[in-house]
Amino acid sequence: MSKMHVKMTVNGKEVEGLAEPRTLLIHFLRENLNITGPHIGCETSHCGACTVDLDGKSVKSCTVFVAQAQGKELTTVEGLVNEDGSLGVLQEMFREHHGLQCGFCTPGMITRAHRLLQENPNPTEEEIRFGMAGNICRCTGYQNIVKSIAAAADTLNAQKEAAE
Amino acid sequence: MIPAGFEYYRPSDITSAVSILQEHGDEARVIAGGHSLIPMMKLRMADMGHLIDLQDIDALKGIEIGSDAVTIGAMVTQHELITHEGLSNAVPLIKEAALLIADPQVRYMGTVGGNVANGDPGNDMPGLMQCLNARFELSGPDGVREVAAREFYEAAYFTAREDEEILTRITIPVPAGGTGYAYEKQKRKIGDYATAAAAVMIGGGTASVAMTNLADTPIWSDAAGAALAAGDVDGCVSAMMGAIDPVADNRGPIEFKKHVAAVILRRAIARAQSRAS
């Protein structure tokens, strides 16, 4: 099969590369673009470690062909830092509230939580748990992940209020 | 977990997509959200030389709310079904079912068209569409035709859709005001298919009952609906238990599945009755 010329925007930067259409988006990100934030956990669309934001949707990049993502806008955990390169609010809150132990699931957790808070800036604990149900963590028992996301929502809302 | 290679197409209208299907026959498949097809391709259980991505076809998008019926484009995602306010008001049963499908990431990609067209007995939308008496629009080389959801499913992965046809739109009659509804699903974990699921509507002297993953097609039972419409819950459950035909698998033996099916159906009926007015 011949390779296709893939173009997309990743974390605000236009990128391109050659890949077979069957290449999974996660492999294109990690191997062609060297963007290694999104992880390969199960590679069967169960665990959510490969979650990226694709045109405003949280998707599992192990279950998207690179051809389907042609021309689209992607955000990975690398794109969620502040402009000066310091940790973004969600990242900082995961650190502050020990929302990770081994850290393998964390990029997917944070990228998914980012979209969740865009859509629902004031989630209840139940809404956080329901909204994060596509991401599996084998260390934390989730309690601190939920706390981190709730704290990030509070911080982001306070920032918004202060700016108004 | 790398699928076999394929030629990739992204046509922008239905006619072009159908003509690619015609040209390549059963060597070609369409892909919607891909969350059933891609896992099968990665396992090399599905293999096609030509993959036709439907994402750029505008005619397959959008939800239209009419006074008598709603129509839903085949490429509308589960996420859109859940977040569309007009749809939730007109046919709230759809949102209740969509929220129980897979997980958030899968719902952003998974489409209603893919879910109903795939013919997987585990999918939730086929039974739901039978309960709602939906009609599926199919576009093919000979034009457009409609098939009732209740006549669409023939066996696991076999439906009334021909190889060269694409399921393009779904039309659902808007239930009368005061219709009680419920979708109840038993699953082992988030993201799992149903051990048993039931869709129930009651109102205006009629009732409709369908169940999922308890046979090689969804099961809609006329007799179960008639019994429920007459207020005979036991008769409804017993008619449905006679209609299902579960097989033993990793979700449990046949006796267990029948037991769960009855429990789930009774729960769905109770909730639907509590919502009817």
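Before we move on, is B:V237 touching a residue at least 24 places away in the same chain (Cβ under 8 Å), closer than 12 Å to B:L132 by Cα, open to solvent by less than 40 Å² (accessible area, probe 1.4 Å) and not assigned by TED's automatic domain parsing to the domain that holds B:D120? No.
When B:K187 is tested against (1) open to solvent by less than 40 Å² (accessible area, probe 1.4 Å); (2) in contact with a Leu (Cβ under 8 Å, 6 or more places away or on another chain); (3) not aliphatic (A, V, I, L, M), only condition (1) is not met.
So how many residues does region A:19-58 have that are open to solvent by 20 Å² or more (accessible area, probe 1.4 Å), away from chain B (no Cβ under 14 Å) and among the aliphatic types (A, V, I, L, M)? Number satisfying all stated conditions: 2. Among the residues of region A:1-33, those identified as under 16 Å from the mean Cα position of the chain (by Cα) and not aliphatic (A, V, I, L, M) are A:T9, A:N11, A:G12, A:H27, A:F28, A:R30.
If you go through region B:81-124 and pick out every residue that is farther than 18 Å from A:E127 by Cα, within 11 Å of the chain's Cα centre (by Cα) and of a type in the set (A, V, I, L, M), you end up with 4. Check whether at least one residue in region B:29-42 is charged (D, E, K, R) and open to solvent by 50 Å² or more (accessible area, probe 1.4 Å), and report yes or no. Yes, region B:29-42 contains at least one residue that is charged (D, E, K, R) and open to solvent by 50 Å² or more (accessible area, probe 1.4 Å). Within region A:93-117, the set of residues being without any contact (Cβ under 8 Å) to a residue 24 or more places away in the chain and under 15 Å from the mean Cα position of the chain (by Cα) comprises just one member, A:G103. Looking only at region A:106-121, decide whether some residue is open to solvent by 60 Å² or more (accessible area, probe 1.4 Å) and in a loop (DSSP other than H, G, I, E, B). Checked region A:106-121: no residue is open to solvent by 60 Å² or more (accessible area, probe 1.4 Å) and in a loop (DSSP other than H, G, I, E, B). Taken over region A:38-71, the criterion of being over 15 Å from the mean Cα position of the chain (by Cα) and under 29 Å from B:S12 (Cα atoms) is satisfied by A:F65, A:V66, A:A67, A:Q68, A:A69, A:Q70, A:G71.
Give me the residue from region A:1-14 that is more than 10 Å from chain B (Cβ to nearest Cβ) and more than 30 Å from A:N120 (Cα to Cα) and, out of that set, surrounded by the fewest Cβ atoms within 10 Å (Cβ to Cβ). Selected residue: A:H5. Counting only strands (runs of 3 or more DSSP E) wholly contained in region A:1-76, the ones carrying 3 or more residues that are more than 25 Å from A:G134 (Cβ to Cβ) occupy A:4-10, A:13-19.
Among the criteria (1) assigned to a helix (DSSP H, G or I); (2) open to solvent by 10 Å² or more (accessible area, probe 1.4 Å), the one B:E146 does not fulfil is (1). Under the condition of being within 23 Å of B:R188 (Cα to Cα), within 18 Å of the chain's Cα centre (by Cα) and assigned to a strand (DSSP E or B), the residues counted in region B:210-264 number 4. Please work out which residue is farthest from A:A158 (Cα to Cα), limiting yourself to region A:107-134 and to residues that are within 8 Å of chain B (Cβ to nearest Cβ) and touching a Gly at 6+ places or on another chain (Cβ under 7 Å). If we take residues in region A:107-134 being within 8 Å of chain B (Cβ to nearest Cβ) and touching a Gly at 6+ places or on another chain (Cβ under 7 Å), then A:G134 is farthest from A:A158 (Cα to Cα).
A:Q70 meets the conditions (1) open to solvent by 20 Å² or more (accessible area, probe 1.4 Å); (2) touching a Ser or Thr at 6+ places or on another chain (Cβ under 7 Å); (3) of a type in the set (S, T, N, Q); (4) in contact (Cβ under 8 Å) with a residue 60 or more places away in the chain in every case but one. The failed one is (2).
Scan region B:257-267 for residues that are open to solvent by 70 Å² or more (accessible area, probe 1.4 Å) and touching a residue at least 12 places away in the same chain (Cβ under 8 Å) and the total you get is 3. Selection of region B:88-113 for residues being assigned to a helix (DSSP H, G or I), within 14 Å of another protein chain (Cβ to nearest Cβ) and open to solvent by less than 30 Å² (accessible area, probe 1.4 Å) yields B:A98, B:P104, B:Q105, B:V106, B:R107, B:Y108, B:M109.
Could you check, for region B:6-17, whether at least one of its residues is closer than 20 Å to B:G119 by Cβ and of a type in the set (A, V, I, L, M)? For region B:6-17, residues closer than 20 Å to B:G119 by Cβ and of a type in the set (A, V, I, L, M): present.
The values are calculated or read from the model by the stated rules, or taken from the named source; none is laboratory data. It should be emphasised that the depicted structure is a prediction, and the values quoted were computed from it without experimental measurement. Positions of Cβ are backbone-derived with ideal geometry, glycine not excepted, and every protein chain shown enters the neighbour counts. These area figures cover heavy atoms from the full protein model, side chains too; ligands, DNA and RNA do not enter into them. Shrake-Rupley method; radii C 1.70, N 1.55, O 1.52, S 1.80 Å.
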